[in-house]
Each structure stands twice: as structure tokens, then as C-alpha cells.
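This report concerns only the one structure given below.
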Amino acid sequence: MTDYEFCAGHDLYGHMACPGCGEKILLRHVLDVLGPETIIVCPAGCGAVTDGIFPHSIAPVPFLHVPFGATASAAAGIRAGLDMSGREEVTVLAWAGDGATFDIGMGPLSAIAERNENILYCCYDNEAYMNTGVQRSSATPVGSWTTTTPRGHLKTEPKKNIGAIMAAHRIPYFATCSPAFLDDLKMKVTRAGKMKGMRFLHLFSPCPPGWKSDPRDGITLSRLAVECNIFPLYEILDGEKYRLTHRSQGLPVAEYLHKQGRFRYLSDTEKKIIQTDADQFYGLLVSRQDREKNR
Amino acid sequence: MRQVISGNEATSLAVKLARVAAISAYPITPQTTISEKLSEICGSGELNAKFVKVESEHSAMATLIGAASTGVRTFTATSAQGLALMHELLFWASGARLPIVLVDVNRAMAAPWTIWCDQTDSLAQRDTGWLQFYCWSNQEIFDSIICSFKIAEELLVPCMVCYDGFFSSHTYEAVDVAGQSEVDRFLPPRKAEYFLDTKNPQTFSGGTLPGYFMEFRYKLQQAFDRAHGVIDRTYGEFAEQFGRKYDNIESYFTDDAEAVLVASGSAASTALHTVRKLRLDGKKVGLLRIRQLRPFPEQALIDALKPGQQLGVLDRNLSPGTGGVFTQEIRAALGRQGKNQPVYEFVAGLGGRDITENDIKTIFAMLGNGQGDLTQINWVGLKT
């Protein structure tokens, strides 16, 4: 493994994220790999707020704040400006939460994917509008409590499949990453960083206040999400070639669910549905991978 | 070189000659032919620019916010619903002090559906922190765009150049198109002091508490205060080099006029034509053409008015619940200057209805014989 040091000793010191926040861990490690020739564009959300309040900023690279639904388009604009001023080698890193990506920014995201813009788009997914105080997004998993899916009206719809959406655009690279599997994460960021065109990394981002979980459990939950097939680690090349990068232990989803207050209202039937969905999704990924091998 | 071109072609040529580096736009009538022409110009290599073909006007402005933040020169064009869709980002562009230039080809806001001209779309954006110019000829469109880049980049304030849909955008006129070297001499490349630079990492437009926000707005207002001088100087330099002079308020036959009409856009040219005719009949009428809304040319307006003149304002726009936007702006300016000058308000030409010579004559007749109502909107050409 390469020795990544860009953020070492920096550790994004002074950030304003909650204890146990996954987003800042992810940002630190992504930047470690990408290094200083990177420009961040970030919309409203936890990532924007926790960067610091004017005149403070923890960002070790240029950081452009943009409105909520503007991430992807602003990233394309930065790319255009850099390319027109002889700075083609600088990486444009779009850094957005699930609300900004799955919901309000979906149109522009689809557009830059369709145009295959030379952008590395990272979605730190904490599975709800956490910065505004836990409202459901289309990334919120089925059965989850949020302030807009309260007890008795838990979310009934499954999480939007962002991987399939990105794959349908046939972008060069899509991958899922977890803060519990840093070697895997750094391998994927390295790989994505060396490619040109539209690259999308889906980052699993634990949120103790929103998930009603213990701040110390963030990495455990991230690991369980992978091992329970809730958040499998995989990549998709050119929208077609699926590859699992970690063989899951296939643990029961209950181990993941019961550590989080947001799932405490689930019935046994609902838990079974979640288990079936997780198994099916992992099975689908395995079959897509095998189909590729047998080609 | 003089060429017979449409208003939208004048825009495209000016953008090319201004050596814009990043363009982003989304099709909307009557702006679309600008995007088409610029696509050709970029595609052929006549202009070395990146044209980002986005999926909405919201994205067009977001793209330019990103591009302008890297320090390059940027341009977009839109109309009506498209401008409204950009609304959020217009504030962002000015708050972030990005010198983006936007052409708004004026079109009425739906509902009901319409593609035809009025100025409500851009006037509704008056509080977004953009400089605003209103043109009446294709030559002025060309010249204003060249000047706008210079003004915007000096002030770090975005600039909107507006002209009437179809009446100007699709009408062909002779335009003196300057050569590249002449434009280069007038408009040097943009030199951004602050931009996204990996050699000097900075954070832009981050979260700001009440302890600082007002100072950001105060500085923006200061830029608009300075804008009066910068605009006058820039158009002065332009006149010196190109021989065409523009003032933010232009007076025609007002010295001895008993009744004066304030108008903007293409309707002002109809008004001038009518004033000339009425003068031949011995009527003492005059025209003030207003070509700048932000910053509002208050002093120039006061200087242009003579005591005792009957003053009317022709508004091709409507702010329901109060009336024409130019009228309200002018009343506010007069009030601020302590002038007790009655202002008659005429609303005409909404949604592309022609404003005719007869309409202008009707307005002057009402101004002359006291038929106008000072307390409410005087609708012109309304079917009742």
C-alpha cells in the first residue's frame, strides 16, 4: 500500500462534525489519496457546515461552497475553467451528501454522468437529511425512523439504488466504500483518481445523532453493514463490469439493525423483508460478477 | 465592419470577441438562437471556449459559478422561466462576487403560457445583486456586452444585459461589429485576484454567522455605489475608442418639453419616433430613455428633469399589487431627493402586445390634458 500522508498530522483539525461522524473520516482518507492538486465543491449539508464557519475552514485544498442542488453543475463549471486555464491535471472532487445527490441534485448529477464530465463525485451517504435534523431522503432505508417518517409512518419505500442509476449512465467507474475497510477505500479512490471521465464513489457514512446509535459504534456499524449485505463493497466499470471487492460473511441483518435506534420500531416481518432484500441484492451482485467472469 | 444582424447575433458576436472561456446555457425561446450561434462559434474553433451544454438554467448558472470561481471569463443567456429558474443562483453569483455576464432576452412570465415580450422577468430579479442594462438597438446590445465584461470584472459584480424578445432579438439591424484587435485593446483578459488555486488553497462562500454576514452585504452595496463611476468611465472610454456614447439616462427633446415620457427597451424607440412626429405638430413633448436599472441612475434622472414637466412612465411589466416597476423606482428616487413630482404610470405591451405610435400618442394626450390618473395604473391598449 502506498504511504498516504497528505492529511497526516492535519486530521482536518478543528472540524465541527458530531462525535462519531463518518463524513470527516471519509474526507480525510479520500484527500489523503488524492493529495493537494484537488479542488472540492460542496453543497449545503453536513460537509459544508462542518468545514467551519467563516473565517475558519479546515479544508487543506481549495473549497467552493455551492447551493444545494448545484454540486454536479458547479463541478462541471470548475472542470471547464480549469481545462481552459491549463490545469487539466487538477482533480475536481464533488463532495455531497445523500440529499444533495439522490434528491435535489439528481438531475444535474444525471447530466454530468451523461456528458461523462471529468469529475470525481463522492456521495457521503448518511441516509437522511441529517444537517436539518433527520428528515427522510430517497437514500433512507425501508423501515427507518426519521422526523418525517415517525413511528407508525416509518419509511415504506426501499432506498434508491444509486449504483444502478450510475451504471445506467455507463460511466467509467462506480464503487462503494466504507470507513471500516480503509484499504479497500484507498484502493478505489486511487483507482478512481487515476481515471478520466465521470467517477462516482458511494461512501457509507455513519451518523450517530440521526441513526440514534452510539458514537463509538460508527466503524462497527460500517463493518456490519458490509458483512450483513446491507452495504456490499463492489465496483462497476463502464456501467457493465461488476466486481465484489469484499466477500461478505453474510451475517444476519438483525446484528446491524438492533444497534440503531432508528430501526427500533421494526416488526419481525419487516426485519425479514430487509433480510430478504439484502440477500437478494448481494446475490444479484454475485451473479453480475459471475456473468462477467464467464464472458 | 457593418453587418445586418439580429439582436441575438449581436450578442453571439460580442461574446466571441470578448474571448469568453466558459459558456453554459439551456434552450429557451427567444434566447435559443444565441446558444445555437455560440455552439457553432465554439465548435468551429473561432472561439476557444468550453460550452457546457446543461440540462437546465439552474445548472447553467451553477456551472458558471464553478467556472467563474476558477478565474475565467463566463457567459450565459436566457429568458423568462429560465431566468426565474436561476433565481437562487443569481443571489449566489453576486454574493460570491463573480463577474458573470448574462443576457436576458425579455419574455413575459407564464402563466398563461407565452413566449412574447415583456420585462417582468428581469425586473423581478432587481434585488439579486446584478447590474442591469436595458438596450433598444442591436448596436447597443453588442456594445453593452463588451462593456459589461469590463464593468463586471472591475467591480466583481455580475451583470445582466436585457433586451426585448423578438422586437430586438429577432429583428435585423445594421451593427458596426468591431474587429478583434480593437476589442482586445478595450477589454483585456480577466485577471482574477481570488480564485480556486491549489497553490493557494482558500475556502469560498462558507457558512457565515450574523457577526459577518451584514459586512458582506455592505461591501456589495459599496460596489454598487462605486458602479456609477465605473460605468460612466467605462462607457466614456468606449465612446473614445469606438465613437458611440451611451448614458444611463438619455434625453430627447426634453429641454423645453411640457410632457416627458420615461421608457426603456424597444418601446423607447417607438416612443422616440412618436415624439419626433408630435414635435412636427408643435407638441412640446420629450423622451427620457432609461437604460440602467441597477444601480439606479437617480442623480442622472434628477438632472434630466425640468421643474413643472408632466412626467409619465411607460412600463412594459407589472408587479401586481403596486404597478410598473420603473414607475415605483422613479417615484422612490424622486422622493428620496425630496422632489414632489407627480408621476403618471402607464402599463402597456404586456405579453408581447405591440406598443404602437397611437398608444404613445394616447399617453401624451393623457399627460397633456390631465386625463391620467395619478392614484392608479393607467392601462394602455387594454380590452375592456
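The values are calculated or read from the model by the stated rules, or taken from the named source; none is laboratory data. The structure displayed is predicted, hence computed values, not measured ones. Counting neighbours? That spans all protein chains shown, and the Cβs are built from the backbone with ideal geometry, glycine included. To get the accessible areas, we keep the full protein, side chains included, count just its heavy atoms, and leave off ligands, DNA and RNA. Shrake-Rupley method; radii C 1.70, N 1.55, O 1.52, S 1.80 Å.
Quick look at the values:
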read-out	value
1.4 Å probe accessible area per residue over the range A:3-293, in Å²	37
Hull shadow area, averaged, chain A [alpha-carbon convex hull, nm²]	14.9
Contact order normalised by residue count of the range A:3-293, Cα under 8 Å, 6+ apart, percent	16
Exposure ranking of B:Cys162, B:Cys42 by accessible area [1.4 Å probe, largest first]	B:Cys42, B:Cys162
Interface area, B with A, accessible, probe 1.4 Å, both sides summed, Å² nearest 100	2800
Residues losing 50 Å² or more accessible surface upon assembly, the range B:51-93, compared with the chain by itself, 1.4 Å	B:Glu55, B:Thr70, B:Trp92
Chain lengthening between B:Arg217 and B:Gln371 when straightened (0.36 nm per residue, less Cα-Cα)	51.1 nm
Solvent-free Debye scattering, log10 I(q)/I(0), computed from the Cα coordinates of the range B:2-242 at q = 0.10, 0.12, 0.14, 0.18 Å⁻¹	-0.43, -0.63, -0.87, -1.48
On Cα atoms only, tilt of A:218-227 relative to the major axis of chain A in degrees	70
Approximate spin-label separation A:Val286-A:His258, in nm, with each point projected 7 Å along Cα-to-Cβ	2.5
Kyte-Doolittle mean at least 1.6 and Cα axial length at least 20 Å: DSSP H helices in chain B	none
Lysines whose Cα lies under 24 Å from that of B:Lys191, excluding same-chain neighbours fewer than 8 positions away	B:Lys16, B:Lys50, B:Lys150, B:Lys199, B:Lys219
Signed unit charges on C-beta, dipole axis of the protein assembly as shown, positive-most listed residue A:Cys122, B:Leu47, B:His170	A:Cys122
Per residue accessible area in Å² of the range B:249-379, where ligands, DNA and RNA are left out and the probe is 1.4 Å	41
Rounded Å value of the spacing that divides the Cα centres of the range B:7-37 and the range B:343-384	34
DSSP loop GluC sites (Glu not before Pro) with at most 15 other Cβ within 10 Å: longest gap in chain B	B:47-192
Under 5 Å, built H, 5+ apart or other chain: amide partners of B:Gln132	B:Met160, B:Leu293, B:Arg294
Cβ-Cβ FRET estimate between B:Thr208 and A:Lys272, R0 fixed at 45 Å, reported to 0.05	0.40
Solvent-accessible area, 1.4 Å probe, carbon plus sulfur percent, for the protein assembly as shown	53
Per-pair calculated FRET efficiency, R0 = 56 Å: B:Gln241 and A:Tyr265 via Cβ, rounded to 0.05	0.15
Per residue Cα convex hull volume in Å³ - calculated over the range B:218-257	83
Karplus (6.51, -1.76, 1.60) ³J(HN,Hα), θ = phi - 60°, over the range A:105-117, in Hz, Gly and Pro reported as x	x, 5, x, x, 5, 4, 5, 6, 5, 4, 7, 6, 5
Built amide H within the under 5 Å cut-off of B:Asp197, gap 5+	B:Gln202
Protein-protein interface of the range A:48-78, residues with accessible area decrease of at least 50 Å², isolated chain reference, 1.4 Å probe	A:Ile53, A:Phe54, A:Pro62, A:Leu64, A:His65, A:Pro67, A:Ser73
Ranking by accessible area, most exposed first, for B:Arg316, B:Arg279, A:Arg295 with a 1.4 Å probe	A:Arg295, B:Arg279, B:Arg316
